[in-house]
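What follows is a single structure, written as structure tokens, with notes after it.
The values are calculated or read from the model by the stated rules, or taken from the named source; none is laboratory data. For clarity, every value in this text was computed on a predicted model and none was experimentally measured. Backbone-built Cβ (ideal geometry, glycine too); neighbour counts: all protein chains shown. For the accessible areas, the whole protein counts, side chains as well, though only heavy atoms, and no ligand, DNA or RNA atoms are used. Shrake-Rupley method; radii C 1.70, N 1.55, O 1.52, S 1.80 Å.
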Amino acid sequence: MSSTQDCDYPRILFQYNNGFLVSKIMFTACELGVFDLLLESEGSLSSDAIAEHLGTSVSGMERLLDACVGLKLLEVEMKTFYRNTELSNLYLAKSSLKSQYHRLMYYSKTVYFCWQYLTDAVRDGKNQYERAFGMSSEDIFGAFYRSEKEMIQFMYSLNAFWSICGRDVIAAFDLSPFTVIYDLGGCAGGLAQECISLYPKSTVTIYDLPKVVQVAKERFVPPEERRITFHEGKLGLSCVRLCRLVQCDWLQKSIKTSLLNLKG
Ligand SMILES: C[S@@+](CC[C@H](N)C(=O)[O-])C[C@H]1O[C@@H](n2cnc3c(N)ncnc32)[C@H](O)[C@@H]1O
């Protein structure tokens, strides 16, 4: 139940109301390269210098930087010189090993865009890829992979996530008795990498769509890493359902029905 204090001053409603502004400020600073520039400069820079380097207006950049200071993504000295916080150096600059840059860009370009259609999604009871991207709502990965650039971004974004959480997920189960592991829908191999790191005697075969496998080999898994191999193909719909590759987007009822159909 809400307290009288909440009703007199609805702080929580103001926070929810402005929540998307916070996300968009962070996405914009990432997209313009603010955190990368400040990491490279190894110190602080004035807003004028940042605007000049990044080719933006001075007034727009100054406002963006001050908003980032308010969000504790940057620090400011003498109201003029800006520098990254430890958090930004570690997670928002592109070159950091734990960088979440690609994940944030995926959220900014795809997820943020789709959520504009949440009202329609609730009305229709289905995803809105058709409205958002002109792609069939049945073909979720067609929407994610609508261009090679978007596909690569999606792959980087998954790996960014696993660079933080992968170890805990893999360690949550004792996989030591299994030395030959098959990762269905293994994508860029973020989990496979964590798996061979925790279980050095294991080998992992990543199964995924041919174009995903091709990019994973070219960009994500070094050829000298012999413990990770690939198998390209396209699973039929019933297999995809069984493997829960895409069921995160499905209704619970459809999942149960598809499993029962497969069982029967
Ligand atoms: C939600 S992503 C998960 C990726 C990976 N397991 C991870 O967590 O990093 C689902 C993966 O399934 C793959 N996929 C989707 N449909 C497929 C199909 N019909 N056959 C094979 N792979 C498919 C996608 O390319 C994508 O890599």
- Message: Can you tell me how many residues within the range 103-114 are within 11 Å of the chain's Cα centre (by Cα) and open to solvent by less than 50 Å² (accessible area, probe 1.4 Å)?
- Response: 6
- For the range 134-162, pairs from a residue that is open to solvent by 60 Å² or more (accessible area, probe 1.4 Å) to a residue that is assigned to a helix (DSSP H, G or I), with Cβ under 7 Å and 6 or more apart or across chains, are Arg146/Phe133; Tyr156/His102; Phe161/Arg103
- Message: Checking Ala192 against (1) within 11 Å of the ligand (Cβ to nearest atom); (2) touching a helix residue (DSSP H, G or I) at 6+ places or on another chain (Cβ under 8 Å); (3) more than 23 Å from Leu92 (Cβ to Cβ): exactly one of these is not met. Which one?
- Response: (2)
- Could you pull out the residue among Thr80, Thr4 that is open to solvent by 40 Å² or more (accessible area, probe 1.4 Å), among the β-branched types (Val, Ile, Thr) and either in contact with a strand residue (DSSP E or B) (Cβ under 8 Å, 6 or more places away or on another chain) or closer than 30 Å to Trp162 by Cβ (or both)? Thr80
- Query: Somewhere in the range 163-183, is a residue touching a Phe, Trp or Tyr at 6+ places or on another chain (Cβ under 9 Å), open to solvent by less than 40 Å² (accessible area, probe 1.4 Å), within 30 Å of Leu21 (Cβ to Cβ) and of a type outside the set (Lys, Arg)?
  - Reply: no
- Task: Six or more apart or on different chains, Cβ under 9 Å: which pairs go from a residue in the range 18-43 that's within 16 Å of Ser99 (Cα to Cα) to one that's open to solvent by less than 20 Å² (accessible area, probe 1.4 Å) and aromatic (Phe, Trp, Tyr)? Could you list them?
- Result: Ala29/Phe35; Val34/Tyr82; Leu38/Tyr82
- Message: One residue is enough: does the range 209-230 have a residue meeting the conditions exposed (fewer than 14 other Cβ atoms within 10 Å of the Cβ), within 13 Å of the ligand (Cβ to nearest atom) and not in a helix (DSSP H, G or I)?
- Response: no
